[in-house]
Amino acid sequence: MRADERIIFLKSELKQHNYNYYVLDKPTISDYDFDMLLEELIQLEQKHPEFYDINSPSQRVGGELIKSFKTVPHKYRMLSLGNTYSSEELRDFDKRITKLVETDIEYVCELKYDGVSISLTYENGELIRALTRGNGVEGDDVTTNVKTIKSIPLKLNGDFPNSFEIRGEIFLPHNGFEEMNKARISDDLEPFANPRNAASGSLKMQDSKEVSKRPLDCFLYYLLGKELPYQIHYDNLQEAKKWGFKIPSETTVCNSIDKVIEFVNYWDEKRLNLSYDIDGIVIKVNDLKLQDQMGFTAKSPRWAIAYKFKSEQVSTTLNEITYQVGRTGAITPVANLEPILLAGTMVKRASLHNSDQIEKLDIREGDKVFVEKGGEIIPKIVGVALKDRNLFSQPTVYLSYCTECNSKLIRTEGDAKHYCPNELHCPPQIKGRFEHFINKKALNVVSIGPETIDLLYSNGLIKNLADLYDLKKDDLLPFKKDGDKWANNIILGLEESKNIPFERVLFALGIRFVGETVSKVLVKEYHHIDNIINATKEELENVDEIGEKIAESVVSFFSNDENKTLILRLKEHGLTFEIGEDKKAISDKLLGMSIIISGVFEMYSRDELKKIIEQHGGKNVGSISKKTTFVVAGQNMGPSKLKKAESLNVPLISEDEFIKKIS
Ligand code: IVH
């Protein structure tokens, strides 16, 4: 098959598989097979830049960096909705608008997704722009980031209008949110407060490659344009489903306000079973002609309204404040409540977040407190019944010593939380280090999970990361009935982890502020663990992307004798502590240069050239900018790249000239 035919085939296959997985939730191939097809497409497109396609499935992996988002006016204003909180208010709404048009009204009820609203513009079946709401008149252009969301089609199927907008909500499902926060905690970042903040933060990130790793999703609920297929809102949505959009299946037509209220009550109860947050129901007039007739007020359409669920609130007694020590040493105060039924579940505990929160609400043991469960999963205390307070009650004195290891707690400026500084000997922190060490992105020992860590730690088999490698099958067998396979897998997993490259081993050590990226930078610069151990703070600070905070943390980690012993033992066990031969630098002739490889070459393959660039200290970059030092141009270099290089005065050099530069 010719390359262009294969590219077309791969694009259409990948598009269908994305749709099956992210919209229909019914994948038909394995993740591995999908990745293979995608990789093949990426390779082919790189080899044939003439077939560049801005909406190819390969563009979903992101990569473009955005300094600041462009502000773009909305073609149709993005309005908000009026709110109601009771069935009486809904009946008033029905009466009000029925009177306006003097006819019975059919409604459409939709879930009100608690995320970030987005407006997508399609022209000739291709996504050309994605704007946030902004101030309603103009929004931020977040197209590059939105393209990484796999349930949003980049190209449409079937019979779609030439030009239209579709609006919806970008959100994070609960499981994705929890996973993301877990990863943030293990990277020493403050977790997001709720899925909405996480979604909105993700959309505003500057690196679309990072956005592509966030499990964002998008429901669409509103079409705008001059050539919509029907005059009925619901029918348009069903049609848009055929074009490839993720249209919610809960959306329901209701032919009376009683039916609307039934829908509202049903979801008020059932919303807790959903895998994402909703904060109400949106009720819309189904007939677009009637919508037109009713029009808008200054802020919102007259033909739609939101019903906001009340966050159920109950009052109960706060028996005791206890404290949890997290895997990173962060202290979380917990309210232990007199058990009470709230939104269908028995609530016994609520998070108090930090000492500021306790101070702000002046929460004290013995108080009668109000507990609320909104969209969020964890109940929260929203207030104290001060008039019921016991006369002799005293303000809460916050914890000063760790409940697990008795170390004096610290709180650094600008940090909301208190921390236990005893990283090496505080039990939850030790377990946290083990979990981080075996994590997929670190040493990837899938045969060991948190429960196994707990089991081995509490039975005294592992105290220090290196103890894992002293484990023998016979040590493990007593812990599990018929545990032969279990024990074998653990030993095998640990053995395999010895092949994990240096940068991931360094990341696995859990040095504060040394995440995946910093590990890569350090390994590229220093090549061997001994060089990192011997580097001074000043030397480290001189490395690109390493600041004072990181440098201090690295030096402090390696100046600790226990950590030095740990490295020695891990080395003896055969873990990788130096860079592979093929990645070692040969010279620094290209140091500080950003280089682009474009086109097809005679002597070397593109991958070989990229390796040569790295071996001589240069940086491979994907797209041309003012910062590009030069382009190594082969045959068939893409015309758009050529034009861009010329307009930015970026020099082009041949393969020959390039080889001369480094010899
Ligand atoms: S329709 C002119 N439908 O709620 C009407 N909005 O307060 C446009 N929202 O900004 C909105 N789910 O972000 C509509 N099914 C739904 C919705 C929904 C959530 C959000 C949306 C909007 C806000 C209005």
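The values are calculated or read from the model by the stated rules, or taken from the named source; none is laboratory data. Predicted, not measured: the structure shown is a model, and the values here were computed from it. FYI the Cβ positions are ideal-geometry reconstructions off the backbone, even for glycines, and counts take in every protein chain you see. These area figures cover heavy atoms from the full protein model, side chains too; ligands, DNA and RNA do not enter into them. Shrake-Rupley method; radii C 1.70, N 1.55, O 1.52, S 1.80 Å.
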Original post:
Here is a list of conditions, (1) surrounded by 15 or more Cβ atoms within 10 Å (Cβ to Cβ); (2) within 15 Å of the ligand (Cβ to nearest atom); (3) not aliphatic (A, V, I, L, M), and Lys150 meets all of them except one; can you say which number that is?
Top reply: (2)
Original post:
Scanning for something small (Gly, Ala, Ser) and open to solvent by 50 Å² or more (accessible area, probe 1.4 Å), does segment 106-121 turn up at least one residue?
Top reply: no
Subject >> Within segment 22-65, tally of residues that are within 24 Å of Gln206 (Cβ to Cβ), β-branched (Val, Ile, Thr) and touching a Ser or Thr at 6+ places or on another chain (Cβ under 9 Å) >> reply: 2
Subject >> Unique match (being open to solvent by 80 Å² or more (accessible area, probe 1.4 Å) and touching a residue at least 40 places away in the same chain (Cβ under 8 Å)) among Glu646, Glu578, Glu548 >> reply: Glu578
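Filter segment 66-86 down to the residues that are closer than 19 Å to Leu203 by Cα and outside any loop (DSSP other than H, G, I, E, B) and list them by number.
Thr71, Val72, Pro73
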Original post:
Applying the selection to segment 200-225, what residues are at pLDDT below 95 and in contact with a strand residue (DSSP E or B) (Cβ under 9 Å, 6 or more places away or on another chain)?
Top reply: Ser200, Ser202, Leu203, Lys204, Gln206, Asp207, Ser208, Lys209
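Looking at the structure I just gave you, is Leu156 touching a helix residue (DSSP H, G or I) at 6+ places or on another chain (Cβ under 9 Å) and modelled with pLDDT of 95 or more? First the steps, then the outcome.
On the way: touching a helix residue (DSSP H, G or I) at 6+ places or on another chain (Cβ under 9 Å): yes; modelled with pLDDT of 95 or more: yes.
Yes, satisfied.
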Original post:
Among the listed residues Gly344, Gly329, which satisfies the condition of being on the phi > 0 side of the Ramachandran plot and surrounded by fewer than 18 Cβ atoms within 10 Å (Cβ to Cβ)?
Top reply: Gly344
Original post:
From the list Glu110, Glu126, Glu106, Glu102, which residue is within 15 Å of the ligand (Cβ to nearest atom) and of a type in the set (D, E, K, R)?
Top reply: Glu110
Original post:
Which members of segment 508-519 meet the condition of being buried (at least 17 other Cβ atoms within 10 Å of the Cβ), assigned to a helix (DSSP H, G or I) and at pLDDT below 95?
Top reply: Val518, Ser519
Original post:
Do the conditions hold for Leu461, that is, is it open to solvent by less than 40 Å² (accessible area, probe 1.4 Å) and over 18 Å from Asn563 (Cα atoms)?
Top reply: no
Original post:
Does Pro161 satisfy the criteria of being surrounded by fewer than 21 Cβ atoms within 10 Å (Cβ to Cβ) and under 16 Å from the mean Cα position of the chain (by Cα)?
Top reply: no
Original post:
(1) surrounded by fewer than 19 Cβ atoms within 10 Å (Cβ to Cβ); (2) within 30 Å of Tyr76 (Cα to Cα); (3) of a type in the set (Val, Ile, Thr): which one isn't true of Ile305, the others all being true?
Top reply: (1)
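Residues checked against (1) surrounded by 15 or more Cβ atoms within 10 Å (Cβ to Cβ); (2) under 34 Å from the mean Cα position of the chain (by Cα); (3) modelled with pLDDT of 90 or more:
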| site | (1), (2), (3) |
| --- | --- |
| Ile595 | yes, yes, yes |
| Tyr604 | yes, no, no |
| Leu642 | yes, no, no |
| Phe658 | yes, no, yes |
| Ile662 | yes, no, no |
Subject >> Residue list for segment 74-93, filter: more than 10 Å from the ligand (Cβ to nearest atom), over 29 Å from the mean Cα position of the chain (by Cα) and either over 21 Å from Gln231 (Cβ atoms) or free of Cβ contacts under 8 Å to residues at least 24 places away in the same chain (or both) >> reply: Thr84, Tyr85, Ser86, Ser87, Glu88, Glu89, Leu90, Arg91, Asp92, Phe93
Original post:
Considering only residues of segment 231-242 that are touching a residue at least 40 places away in the same chain (Cβ under 8 Å), over 17 Å from Asn157 (Cβ atoms) and open to solvent by 30 Å² or more (accessible area, probe 1.4 Å), which is nearest to the ligand (Cβ to nearest atom)?
Top reply: Tyr234
